[in-house]
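Here is the structure we will look at, set down as structure tokens.
Throughout, read-outs are computed from the coordinates displayed, never taken from laboratory work. No experiment lies behind these values; they were computed from the predicted model shown. Heads up, the Cβs are rebuilt from the backbone with ideal geometry, glycines too, and the neighbour counts pull from every protein chain shown.
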């Protein structure tokens, strides 16, 4: 049952990315182009996501336990260290160069976007390398 719930939520997330236009790397790159064809719509999508997440956490964490698990699994590490900063920098560089992050890249795969066919294998190779390191 948890697999089907996760699959449904993933599909809903992907649909949201497609509807909002965030699966289009040009839209993301235009958001990052402050001196050119700047498109602020990604900021509104991010603000909506932050608001939804904040409200969701407040509601969900009032429960004694999750619906489909024995306990909540929340991060315990709070330190900002070199690994976190390096990972964030690499993520940002990849996002800025390709216009994709993992969610939109997977959603764009279904659209047959040419950039996805180059980005997705590189992303998966980077994830595998990060696990080894």
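Numerical summary
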quantity: Pairwise FRET efficiency - residue 12 versus residue 78, Cβ, R0 = 25 Å, nearest 0.05; calculated: 0.25
quantity: Helix-derived mean residue ellipticity, 222 nm - over the chain, DSSP H n ≥ 4, -39500 (n - 2.57), to 500; calculated: -22500 deg cm²/dmol
quantity: In degrees, nearest ten, helix 41-60 long axis to first principal axis of the chain (Cα); calculated: 10
quantity: Crossing angle, helix 82-98 versus the chain [Cα axis fit, 0-90 degrees, rounded to tens]; calculated: 50
quantity: Exposure proxy ranking, count of Cβ atoms within 10 Å, fewest first, for 41, 108, 20; calculated: 41, 20, 108
quantity: Distance from the range 75-133 to the range 1-48 (C-alpha centre basis), Å; calculated: 15
quantity: Rounded to 10°, Cα long-axis angle of helix 2-20 versus longest principal axis of the chain; calculated: 40
quantity: Ranked 58, 78, criterion: other C-beta atoms within 10 Å, fewest first; calculated: 78, 58
quantity: Per residue convex hull volume, Cα atoms of the chain, in Å³; calculated: 155
quantity: Likely footprinting exposure, 76, 116, 53, fewest C-beta neighbours within 10 Å first; calculated: 76, 53, 116
quantity: Pairwise label distance in nanometres, residue 4 with residue 58, each label 7 Å out on the Cα-Cβ vector; calculated: 3.3
